[in-house]
Every structure is written in structure tokens, then in C-alpha cells.
Amino acid sequence: MKIKTKLNLGVGLLFLAIIVLSLVSAYAVFLIKKDTQNILKANYETLEYSRNMLRSLDNIASDEEKSIAIFETNLKKQIGNITENGEEELTLELQKSFLRLEKDRDNEALKNKIREAVFEIMKLNLNAIKFKSDVAKRTADTANLWIAVTGTLCFLIAFNLLVNLPNNIANPIKELTASIKEIANKNYKERVHFMNHNEYGDLAKSFNTMAQKLEEYSSSNLHKLSFEKKRLETLINNMHDPIIGLDYDGKILFANDEALKIIGLKSEAVIGKLATNLALTNDLIKSLIANDLKNDKQKALPMKIFADGKESYFEKQRVNITIQPTGEDSTIDIGDVIILRNITLFKELDFAKTNFIATVSHELKTPIASIKMSLQLLENEANGTINAEQKQLIDSIKEDSQRLLKITGELLELSQLETGNIQLNMEKSNPYDMVHYAVEAVRIQAEQKQIQLVVETDENLQEVKADSEKTSWVLINFLTNAIRYSSENSKVVVRLLKSEHQITFQVIDTGKGIDKQYKSKVFDKYFQIPGSHKSGTGLGLAISKEFIEAQNGTIGVESELGLGSTFYFSLNVV
């Protein structure tokens, strides 16, 4: 049965019971009223007429005419109010006696007969009153019984509706609410079990169907993928580095809050839009999506972006995402992820370090120059002769001061590179001349270890676009290191090779070589290979790398442990 039908039936039944109870009560009151009216009209009025007739009969002697008139009036009323069996005969007899009394008003025997007739009428009506009173009482008792029975039935109906109807409506809702809570707690096996043919039954079927589909979805790969996607989105949004994801067509798939903050756009204005279209109106996006040239080996400079109320430095990293489709051997490109690492703190520390190094190096050059001047004065024979021990001390001091001067010079060069104050004199330079200059600069050092310097060059090499002084400095640094780590009576080769649009300078030694785990670090600042003779600062190769890359060149090393090393750099031809 439908819930609406139940409610209509219950309320209708209750309404019908109230109407029945009202009708029974009204009918009982009507019967009692009718019996009471019969007593008042039929009998009580007759008694009243009889009393008036007796009173007027007793007053005939004092006021004869008036008494006769009152008697006659009440007699007429009595004649018109005959209701009981036998009352009519008594009234007619009374009327005959009254007519004789009018002719013989002093006849006492006739008066007594009239009194007896009146008393008989009164007695008859009194008996009638008693009988009708009993009838009214029985009517009242019957009415009370019917009212009680009807009231009891109405109470039972109302009580049954009060107990059952709310439960029929509330219990399914309660069960459904509990089941919905279970579904919300991801218990998709929950089902409701009221399957009546009503609205709740339809609702239960729909709920169970929904729970079944949720259970299937929860156990499907789609749900797992959706969960993983949400987890990745949460992870990306909680990262402190700006991250932007692009698909193969350059459409922006995602951008975390940090990226949106520095871009200055809202999510709905970025997600799903082509990056190339956004780049037309946003210079930052234009610089972010710029493809890195694969052949460009120049070191990428940090990006300076105004963020968080100050200028911040970011290091851009573009990660190409590829996948290998199932059943295929080749990979396909599906997009890119751009990551901006905030290096502002490190940049500020680096600036402070560079300024400190520059200041200290500059301040050290003056006392070192004074030491060298003092050594020259000591070596001057005009100031007196020195013995062998003093000569050895002076040579040691001279060597250490020269080493200090070299270190401070390298530190100054490094600080100039880091602050961008280095000035390059880019011009057409002859590679043969630079090699010759560098070889001659280290020839004495090589002869001291009896190392042979060999120059091998291709013929008809073109000129290169370079700063010859800085390039020669790099060659001298390569040769100095090669001589330092080569054994005596060995050979160091300087080779010039021509490649497409470039000239390659190589310095090849036969020293102990470099372990492969250190090859990627030899050009780092202050790095020295463990176990090597630490006579330098670890800055020479780092400065060399900066010099060559500042000239749009490339630099590198090839080495195997125990087989020597080949340091090289390439410069563009004019």
C-alpha cells in the first residue's frame, strides 16, 4: 500500500470515527430531549391545568364568576392537551360535571365528583410521568452505552494509528539514514531491506541500485585512477615550488597555487588554455614555455621574478614526459612539466659570499705585494749577503707568496664572473697563436719534470671568435694541471681539431686519470679529487668553465682511471 494511501486512510478513518461519535452523541441527546419534552408538554402541563381547576373550584364561594371562568379556561386547555389512554374519557366526564355545576353552583356533591375527576386525571398523568421518566432513563442509559462503545472504538482506532502510522513512516527513514551514513563512510556493501510496494520500496530499490553501482565503481580501475589523480593534485598543490603541466599540444593541464601566484592569473583563466595563447598577453608564461635549445649548452641563468612582495630568483627545469605504449617498442612524447625552484635564499647567500671573497681577495693583494717587494730587497746584494739557509727561507717565502697571489687572483676572477662584472674582449683570434702562447708559458714548468710538450694541429684552421687572453688562461690552466698530475719523462699533447663550425682545443696527459664518479664534479667550485695533491684552490677548472661558456663555447673532460685524461673546449669559428 502506498504511503499516501496509508496517510489518507488513517486520517480519513480517524475523521470518520469523530463524525460517528458526534452523530451518536447528538442522536442520544436528541432522544433524551424528546422524552423530556413529552413529559413537559403532555403531562406536566395537564398537572398544571388540574391544579388551577382545583384551586378555582375551592374559590367558587368567595368569587364565583372569576373562579368559574378560570376553571373553564383550564378545562379547555386540558381538552386540547389529551395525550394518555383513558384521559379523554375522564376529561369528557369532567366537562359534563362542570356544565351541571354551572347550573347548580351550590351542589357540593357535584363539586366532589369534579374533584375526583380532576384527581383521576392527575393520577393518570403522574403515572404517565413516572413511566416516561423510566423510558427517558433507559434512553439515557442506552445513549451512554452507545457513546461509550463508539468512543472506545474511536480511541482504539486513534491509538492504533498513533502507534503504527508514525513507525511505518519513521522506521524506514531511520534505516535509510543509517544506510546513507554507511555509504558516506565508503561501506558500499550496505543495503536496505524494506521492499514494500510503496514509495519506500521504490526508494529502497533505487538506493540499493546506487550502492551496487558505487561498489562496482569503487572496485574499478577508474576509481583508483581518480583517487591517484586527486592525490597527485593535492601533492602538487602542496609543493612550495611553482609547477606547470603541459600536454603534447601545449595546453596547460595543471598549475599549482604557487605557479598561479607568480603568474598573476586565476585557475579558470589558465587550466585548459593553450600556453601559446596566454603567452601573447603574459610575458612570464612566454619565458616559461620557451623551449630549451638542445644544442645550446650555455648555462641557463636564473629567472628573476617579482613574487611575495620582493624580487625572487627561480631556476627553471623543464622535464619532458614520455611513455611507452603497450605492445610498442618506441616511446612517445605526451607533454612537459615546468618546475621553478626558488633559489632566492641561495642566491642571496651566493651574493654575500661573492662580495666577501672579492673584498678579502682585494685586501690580501696589497700585503702580498709588500711581501714580494720585501723579498726583492732581501735578494739585492746591495743590502748585504745572505747565507744558504737564508736563501732557502727566502725561496720558500717567495713560492708561498706566489701561490697566495695566484689564489687571490683566481678568487677575484671568480667573484667577477659571479657578479657579472667580467669584461670579455671578443674578437677574431688565431688558435695557433693561443696554443703557442700557452705552451711557452708552461714550458719551464714542464722542463723541470722533463715532460715533453707536443702540439698537434689540423692545417688551415679558421680563426675563432673569442677573448684570446681568457682562452689562453684556460689553456694554461689545463696544461698546468696536466704537468702537475703527469709523471716525469712523460708527454703532454696539445691538439687542435676542426669540427663543424667549431675549433676544439684538447690537452691530453698520461697521468693517473679520473674516476668516473668524479668526472661530473671536476668543474665544480672548490672541488678537488680525493687523494690528489691539493696544491690549488679547486677554482681553476670552475673559472675555466665560466670563461668558455661566457664565450658561447663548450667544455668537458674524458678520462679513465689509470689511462690519463683529456680536457677540451670548443669555440665557434668566425
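One residue alone among ILE236, ILE285 is in a helix (DSSP H, G or I), aliphatic (A, V, I, L, M) and within 13 Å of ILE339 (Cβ to Cβ), and that residue is ILE236.
Within this structure, GLY245 passes the test of being in a strand (DSSP E or B), among the small types (Gly, Ala, Ser) and under 23 Å from ILE332 (Cα atoms). Can you work out which of the residues in the range 44-85 that are open to solvent by 10 Å² or more (accessible area, probe 1.4 Å) and of a type in the set (Gly, Ala, Ser) is farthest from GLU102 (Cα to Cα)? Here the answer is GLY80.
The single condition among (1) part of a loop (DSSP other than H, G, I, E, B); (2) loosely packed, with under 12 Cβ neighbours inside 10 Å; (3) not β-branched (Val, Ile, Thr) that ASN196 does not meet is (2). PHE254 satisfies every condition listed in (1) touching a residue at least 40 places away in the same chain (Cβ under 8 Å); (2) surrounded by 15 or more Cβ atoms within 10 Å (Cβ to Cβ); (3) of a type in the set (Phe, Trp, Tyr) except (1).
To keep it simple, each residue is scored yes or no on (1) within 30 Å of TRP146 (Cα to Cα); (2) more than 60 Å from the chain's Cα centre (by Cα); (3) free of Cβ contacts under 8 Å to residues at least 12 places away in the same chain; (4) assigned to a helix (DSSP H, G or I).
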residue: ALA17; (1), (2), (3), (4): yes, no, no, yes
residue: LEU23; (1), (2), (3), (4): yes, yes, yes, yes
residue: TYR27; (1), (2), (3), (4): yes, yes, no, yes
residue: LYS34; (1), (2), (3), (4): yes, yes, yes, yes
residue: MET53; (1), (2), (3), (4): no, yes, no, yes
residue: ILE60; (1), (2), (3), (4): no, yes, no, no
residue: ASN81; (1), (2), (3), (4): no, yes, no, no
residue: GLU93; (1), (2), (3), (4): no, yes, no, yes
residue: ASP106; (1), (2), (3), (4): no, yes, yes, no
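Out of everything in the range 266-309 that is open to solvent by 40 Å² or more (accessible area, probe 1.4 Å) and touching a Ser or Thr at 6+ places or on another chain (Cβ under 8 Å), what residue ends up being modelled with the highest pLDDT? Result: LYS304. Among the residues in the range 34-42, are any modelled with pLDDT under 85 and among the hydroxyl-bearing types (Ser, Thr, Tyr)? Scanning the range 34-42, I find at least one residue that is modelled with pLDDT under 85 and among the hydroxyl-bearing types (Ser, Thr, Tyr), so the answer is yes. Of all residues assigned to the range 223-232, none qualifies as being open to solvent by less than 100 Å² (accessible area, probe 1.4 Å) and touching a strand residue (DSSP E or B) at 6+ places or on another chain (Cβ under 8 Å). One residue alone among LYS365, LYS316 is surrounded by 13 or more Cβ atoms within 10 Å (Cβ to Cβ), of a type outside the set (Val, Ile, Thr) and at pLDDT 75 or above, and that residue is LYS316. A single member of ALA158, ALA136 is small (Gly, Ala, Ser), in contact (Cβ under 8 Å) with a residue 60 or more places away in the chain and crowded, with 16+ Cβ neighbours inside 10 Å, and it is ALA136. Quick check on my filter: what residues within the range 233-243 are open to solvent by less than 70 Å² (accessible area, probe 1.4 Å) and in contact (Cβ under 8 Å) with a residue 24 or more places away in the chain? Hits for the range 233-243 are ASP241, PRO242, ILE243. Contact map, the range 266-291: residues that are touching a residue at least 60 places away in the same chain (Cβ under 8 Å) paired with residues that are open to solvent by less than 40 Å² (accessible area, probe 1.4 Å), Cβ distance under 7 Å, separation 6+ or inter-chain. No pairs are found.
Condition check ((1) modelled with pLDDT under 85; (2) exposed (fewer than 14 other Cβ atoms within 10 Å of the Cβ); (3) of a type in the set (D, E, K, R); (4) in contact with a strand residue (DSSP E or B) (Cβ under 9 Å, 6 or more places away or on another chain)) across all residues:
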residue: ASN355; (1), (2), (3), (4): yes, yes, no, no
residue: ASN383; (1), (2), (3), (4): yes, yes, no, no
residue: VAL439; (1), (2), (3), (4): no, no, no, yes
residue: ILE444; (1), (2), (3), (4): no, yes, no, no
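Of ASN125, ASN164, all but one fail to be in contact with a Ser or Thr (Cβ under 7 Å, 6 or more places away or on another chain) and of a type in the set (S, T, N, Q); the exception is ASN125. Filter the range 165-192 for residues that are open to solvent by 50 Å² or more (accessible area, probe 1.4 Å) and either touching a Phe, Trp or Tyr at 6+ places or on another chain (Cβ under 6 Å) or among the polar types (S, T, N, Q) (or both) and give the result. Selection gives ASN167, ASN168, ASN171, THR177, ASN185, ASN187.
May I ask you to say which residue of LYS251, LYS266, LYS261, LYS230 is more than 21 Å from the chain's Cα centre (by Cα) and among the basic types (Lys, Arg)? Outline the logic, then answer.
Working: LYS266 fails: more than 21 Å from the chain's Cα centre (by Cα); LYS261 fails: more than 21 Å from the chain's Cα centre (by Cα); LYS230 fails: more than 21 Å from the chain's Cα centre (by Cα).
Result of the check over LYS251, LYS266, LYS261, LYS230: LYS251.
The values are calculated or read from the model by the stated rules, or taken from the named source; none is laboratory data. Note that this is a predicted model, so its numbers are computed, not measured. Neighbour counts run over all protein chains shown; Cβ positions are idealised from the backbone, glycine included. Note: areas computed on protein heavy atoms with side chains; ligands, DNA, RNA excluded. Shrake-Rupley method; radii C 1.70, N 1.55, O 1.52, S 1.80 Å.
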